[in-house]
1. Under the rule of -39500 (n - 2.57) per DSSP H run of 4 or more residues, summed and divided by the residues of the chain, what mean residue ellipticity at 222 nm is obtained, to the nearest 500 deg cm²/dmol?
2. Can you tell me the relative contact order of region 257-411? Whole percent, Cα pairs under 8 Å, sequence separation 6 or more.
3. Taking the Cα centre as origin and putting +1 on Lys and Arg beta-carbons and -1 on Asp and Glu beta-carbons, what dipole magnitude results for region 158-262, to the nearest 20 debye?
4. If packing is taken as the mean number of other Cβ atoms within 10 Å per residue, what is the order of 293-299, 356-362, highest first?
5. Quick one: Debye curve from the alpha-carbon atoms of the chain only, equal weights, vacuum; give me log10 I(q)/I(0) at q = 0.11, 0.12 Å⁻¹ to two decimals.
6. So how strong a dipole does the chain carry about its Cα centre when Lys and Arg Cβ are +1 and Asp and Glu Cβ are -1, to the nearest 20 debye?
7. Could you compute the net charge surrounding K218? Neighbours are other residues with a C-beta less than 15 Å from the C-beta of K218; K and R count +1, D and E count -1.
8. Sorted from largest to smallest, which semi-axis lengths in Å does the alpha carbon gyration tensor of region 409-562 give for its equivalent ellipsoid, taking the root of 5 times each eigenvalue?
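The values are calculated or read from the model by the stated rules, or taken from the named source; none is laboratory data. Predicted model only: the values in this text are computed from it and were never measured. Glycine also receives a Cβ, built like all others from the backbone with ideal geometry; neighbour counts cover every protein chain displayed. These accessible areas exclude ligands, DNA and RNA; they are computed on the full protein's heavy atoms, side chains included. Shrake-Rupley method; radii C 1.70, N 1.55, O 1.52, S 1.80 Å.
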Amino acid sequence: PEQVTMYAGLQELGVANGEDLKETLTNCTEPLKAIEQFQTENGVLLPSLQSALPFLDLHGTPRLEFHQSVFDELREKLLERVSAIALEGKVEERYKKLEDLLEKSFSLVKMPSIQPVVMCVMKHLPKVPEKKLKLVMADKDLYKACAVEVKRQIWQDNQALFGDEVSPLLKQYILEKENILFSNDISVLHNFFSPSPKTRRQGEVVQKLTQMIGKNVKLYDMVLQFLRTLFLRTRNVHYCTLRAELLMSLHDLEISEICTVDPCHKFTWCLDACIREKFVDNKRARELQGFLDGVKKGQEQVLGDLSMILCDPFAINTLALSTIRHLQDLVGQDTLPRESPDLLLLLRMLSLGQGAWDMIDSQVFKEPKMEAELITKFLPMLMSFVVDDHTFNVDQKLPSEEKGPVPYPSTIPEAFTKFLQENRIACEIGLYYILHISKQRNKNAFLRLLPALVETFSDLAFSDIFLHLLTGNLTLLGDEFALEEFCTSLFDGFFLTACSRKENVHRHVLRLLLHLHHKVAPAKLEPLQKALEPTKQSGEAVKELYNQLTEKLELCKPSPAEVTETPSMELPLPTVPTPASR
């Protein structure tokens, strides 16, 4: 069979091949003469060569080697010529030349030595004849061998085939995101949101998809359709990130054929700059508002796309961080949230992003209505927490009179807990406020608000992104883990309430303990280890993490010799109150 492919298509062109030689030799009386005649008829027909060939024979160079080197040289020249034809003369003429060349050479497409030439001709044709495309598509090896330029022409009319090519890439993308969220490296400095947008767009999947799409609007639309469908099916927000990254990757390459027809382009570009700075400044806020206000009647469908861009966790992160910063500024300015247009715009965009799934699912394209109470009750409540901190810190500095130190407020308004349970935007902002205080090492405020996280809207406090960021911030409060009370509030009061029903929470707690186990109060460590033991239903990841933790704890156990040497009359050290962290 290999011999057959080696000569595939030569007969159709009237060129003798190995089979012909075999037949000649089988039916002749003088084989040597027959071979000589075959060589003369099929050799390189250059008169000057006839005298040179015996000279090569004298040097012991086989004819095969000679013909092969001539062939390789000619093929290189032909490939160069094809590429040159694709750039010279009038458009119709150059493509006419290439089409003629394809017509003549296509029958040799399965011949390995000629295949590169045929593929090169097809690569340079903006429109390969339908019949040829069908033949390539029907043959697995040919399809694999052809250039992406040819595949694009096949894909644009074969959504299922294109889907088969794209699908593994999308799976890989989601897996990469989840690997970062569950990474064993826990750090406040390097977390899920650390890489800049430009760095993220250099990722393998985004680059491959960008190359597969080229300048083809039809393929771009297909990918967006896949992303929308998968987002609807799975509610996985990483598909929204990919939607934005893909558009910005094409923007980086200045592919105007696509960027100018994607109605989200300028909005995404502006938002991308905000994500880079992790803040929405006033100038960009005006720009973004202009795009939202500019959605014309009859074009509301663009809101579905904009909402998906805003649902990207990197966008939500930027909007939420900016909201917290604004609230702090408002406290200093004695201004209420309702009086800040910038804050209202951030809420509007958060609301649009958080409503993406519902909008695309229901196909009702209008901005979600903002609840007045979010602005008039919830945000002022958050501001009051900021004020509580300021007041407490000032109180600590005042000379204490007989009445003793002022305790930190320990209760939370019932309304706060209710908002976190019932209002998605309030919950998102509330969670980001808790991330903010934990990052500031504000233990008092953290422990005060923690109970509100046990029940949140759609279990947002147990989502991977929040837990990834929280575990990072908790490394800053490492020393507090030595206090049983702190551990009880954090583990028993929060994490362990969801461990058994949510595998991801189990994983995040194990990640945290792998990192901080040496700081945890010894009295808490054993019960924690017991509580976190995997069940039969636990996945491989949980079991693997648990084994790692067990190994680490074994290594940390003092040897029996050490234990007996410690004097039994050790007095407990007096606990020194820690100064309230700011």
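1. Numbers: 33 runs with 376 residues, N = 582.
Mean residue ellipticity, 222 nm, calculated: -20000 deg cm²/dmol.
2. Details: 122 pairs, mean separation 34.7, N = 155.
Here the relative contact order equals 22 percent.
3. 240
4. Descending packing order for the listed peptides: 356-362, 293-299.
5. Treating every Cα as an identical point scatterer, log10 I(q)/I(0) equals -1.08, -1.21.
6. On the way: 67 positive and 80 negative charges, 211 e Å.
Magnitude of the dipole: close to 1020 debye.
7. So the surrounding residues net to -2.
8. Values: eigenvalues 157, 67, 30 Å².
Over the Cα atoms of region 409-562, the ellipsoid semi-axes are 28, 18, 12 Å.
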